[in-house]
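Novice: Here it is, the structure, as structure tokens.
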Amino acid sequence: MQLAEAVESYLSGRIDGFRRLISCDRLSGGASQETHRVEIETDQGTRLLAFRRAPGGGDPGMDRTGPGLDVEAALMQLARQAGVPEPEVVAVLDGSEGMGPGFFMDWLEGEALGARIARSDAFESTRPILARQCGEILARIHALDVTAAGIADRLERWTPESYIRELWQDYQSFSTPQPMIDYAARWMLENLPDSDQVTLVHNDFRNGNLMIRPETGVVAVLDWEVATLGDPMRDLGWICTNSWRFGVSHLPVGGFGTYDDLFAGYEGVSGQPVNRDHVHFWEVFGSFWWAVGCLRMAERWRNGPDRTVERPGIARRTSECQIDCVNLIIPGPPGAAVEGDGSGDINMPRTDELTTSVRDFLRADVMEATEGRTSFLARVAANSLDIVLRDAALGPESRRLEHESLKRVLQRDGTRAELLQVLVNGLRDGSIALDHPGLAMHLRESVIRQVAIDQPVYSGYKNAMEFSAS
């Protein structure tokens, strides 16, 4: 049965006055879960719903990071009852409907694209109130009683140390040595926050998972799929993580507000003071967490079930998160740009010309001739080809410099791959200290060069290139 047919059959028995399904369209965003816009006709007129389900209707357990879509729905209902802005959940699938895990909720109008919220003129008058609203909402979320609601046993509980070690081990299983990830893990384990507070943690509360209206501000908190029990300051650090500032790095809260406003809103509702050093730790963790999460997207692409072009593209964003860790815990002088040597093959057309032609076709023809998710994925594919082109121009010299630096830092010879493995092994087993001579600067420079290939317009790269030790 096609998805639209299954949706119509399911809703016909659960929506009063249901007449027919008008449309069921998947939205362009959402690499971890699918979201569909569903329009139905009822006796009272047309009605819009949002349908959220696992990718392809499959088993979402491969990510091992969430309690399940049924618990996500329950948390949204609980939060709504406590005054957190949420849509009403209409129905939750029990697995027998042939659509996989998921749930239906009322469709709310508003903007959820983080870049527009952070930069569009339409939200200019709204941005100043958002950070305080977010602080107030987070305080209400952290006060929710999931034990009384009967769902506490479905939520994983993480201490800062256990969370770091689990993610670090998860990353190591990818067999993709990224020394800055190992360095950040070691830094956090040596700088654990002194707190034993445990609450519900949304765990993905950020610009991009908030629905905003210019008139009122936040109208919905979205995507509860990775909610846990743990340190509530995790949520405050996450919304300040640079990945979710969308280029507006001078406004640390989602690219729209200040630390002071966020903390004032939180303290005003919770009655508890916020430790800024504690939030800084979780800001570092946020970049570490997303660095691992990006690499996990590549694993999902390699192993299915959702082999979309979006996942490999997201995986290459791990270097963005690593440069944010660099800027937070390895200060240093401005980075130096790497230039290609200008050489290339002499075939006609050259490899870069073939790649450029495909990229331009995707942007100029496919995007204009399509809409919705297909147009979005065409843009993602074109962006991936930009990475290929930059890697061809800058990659050889970048990797040569990294190799020479590895030999100096480790005081031994070997291939670049061998020395990378020596370095990550030493960071993992503790035999290489964080203050090992030359290590911090090696990591800083290597990550800067990698981001120049992966995403040179990213704000963290620009910050690193402009950073002054003075």
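Novice: Limited to region 9-25, what total is found for residues that are closer than 23 Å to E72 by Cα and modelled with pLDDT of 90 or more?
Specialist: Adding up the residues that qualify gives 5.
Novice: Would you confirm whether any residue within region 309-324 is touching a strand residue (DSSP E or B) at 6+ places or on another chain (Cβ under 9 Å), over 30 Å from V84 (Cα atoms) and not in a helix (DSSP H, G or I)? Give the derivation first.
Specialist: So in region 309-324, the residues touching a strand residue (DSSP E or B) at 6+ places or on another chain (Cβ under 9 Å) come out as none.
No - not one qualifying residue is present in region 309-324.
Novice: Report whether or not D204 is of a type in the set (D, E, K, R) and farther than 26 Å from T35 by Cα.
Specialist: No: the conditions fail for D204.
For every residue, the table says whether it meets (1) touching a strand residue (DSSP E or B) at 6+ places or on another chain (Cβ under 6 Å); (2) farther than 30 Å from L3 by Cβ; (3) buried (at least 21 other Cβ atoms within 10 Å of the Cβ).
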| residue | (1), (2), (3) |
| --- | --- |
| L108 | yes, no, no |
| T147 | no, yes, no |
| T159 | no, yes, no |
| A185 | no, yes, yes |
| N203 | yes, no, yes |
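Novice: Would you please list the contacts, defined by Cβ atoms under 6 Å and residues six or more apart or on different chains, that run from a residue in region 403-424 that is within 18 Å of M441 (Cβ to Cβ) to a residue that is in a helix (DSSP H, G or I) and among the basic types (K, R)?
Specialist: Qualifying pairs under 6 Å: H403/R416.
Novice: Among the residues of region 404-411, is there at least one that is in a loop (DSSP other than H, G, I, E, B) and out of contact with any Phe, Trp or Tyr (no Cβ under 6 Å at 6 or more places or on another chain)?
Specialist: From region 404-411, those in a loop (DSSP other than H, G, I, E, B) are 411; that's our starting set.
Add one more test, that the residue is out of contact with any Phe, Trp or Tyr (no Cβ under 6 Å at 6 or more places or on another chain), and what stays is 411.
Within region 404-411, one or more residues are in a loop (DSSP other than H, G, I, E, B) and out of contact with any Phe, Trp or Tyr (no Cβ under 6 Å at 6 or more places or on another chain).
Novice: In a helix (DSSP H, G or I), more than 16 Å from G286 (Cα to Cα) and out of contact with any Gly (no Cβ under 6 Å at 6 or more places or on another chain): is that true of D194 in this structure?
Specialist: Working: in a helix (DSSP H, G or I): no; more than 16 Å from G286 (Cα to Cα): yes; out of contact with any Gly (no Cβ under 6 Å at 6 or more places or on another chain): yes.
Answer is no for this residue.
Novice: Out of the residues in region 80-94 meeting the condition of being without any contact (Cβ under 8 Å) to a residue 40 or more places away in the chain and part of a loop (DSSP other than H, G, I, E, B), tell me which one is surrounded by the fewest Cβ atoms within 10 Å (Cβ to Cβ).
Specialist: Quick first cut of region 80-94, residues without any contact (Cβ under 8 Å) to a residue 40 or more places away in the chain only: 80-81, 88-89, 92, 94.
The next check asks that each one be part of a loop (DSSP other than H, G, I, E, B); those that pass are 88, 94.
Working: E88: 11, D94: 8.
By that ranking, first place goes to D94.
Novice: Checking the structure you have, find out if any residue of region 446-453 is in contact with a helix residue (DSSP H, G or I) (Cβ under 8 Å, 6 or more places away or on another chain) and over 26 Å from L328 (Cβ atoms).
Specialist: Step one: list which residues in region 446-453 are in contact with a helix residue (DSSP H, G or I) (Cβ under 8 Å, 6 or more places away or on another chain), which gives 446-453.
Filter again for over 26 Å from L328 (Cβ atoms), leaving none.
The answer is no; no qualifying residue exists.
Novice: Applying the selection to region 187-197, what residues are of a type outside the set (A, V, I, L, M, F, W, C) and either in contact with a Lys or Arg (Cβ under 8 Å, 6 or more places away or on another chain) or free of Cβ contacts under 8 Å to residues at least 60 places away in the same chain (or both)? Full working, then the answer.
Specialist: Taking region 187-197 and keeping what is of a type outside the set (A, V, I, L, M, F, W, C), we get 190-191, 193-197.
Passing the criteria: D194, D196, Q197.
Novice: Here is a further query. Could you look through region 423-470, keep only residues that are assigned to a loop (DSSP other than H, G, I, E, B) and of a type in the set (F, W, Y), and pick out the one that is modelled with the highest pLDDT? Steps first, please.
Specialist: Residues of region 423-470 that are assigned to a loop (DSSP other than H, G, I, E, B), as a first pass: 430-438, 455-458, 467-470.
Going one step further and asking which of them are of a type in the set (F, W, Y), we end up with 458, 467.
Working: Y458: 95, F467: 63.
Only one residue tops the list, namely Y458.
Novice: Same structure again: Mind listing whichever residues of region 226-239 are surrounded by fewer than 23 Cβ atoms within 10 Å (Cβ to Cβ) and either touching a Ser or Thr at 6+ places or on another chain (Cβ under 8 Å) or in a loop (DSSP other than H, G, I, E, B) (or both)? Spell out the reasoning first.
Specialist: Start the filter on region 226-239 by keeping residues that are surrounded by fewer than 23 Cβ atoms within 10 Å (Cβ to Cβ), which leaves 226, 228-230, 237.
Within region 226-239, V226, L229, G230 qualify.
The values are calculated or read from the model by the stated rules, or taken from the named source; none is laboratory data. Being a predicted model, the structure only gives us computed values, none of them experimental. All Cβ positions, even for glycine, are placed from backbone atoms using ideal geometry, and neighbour counts span all protein chains on display.
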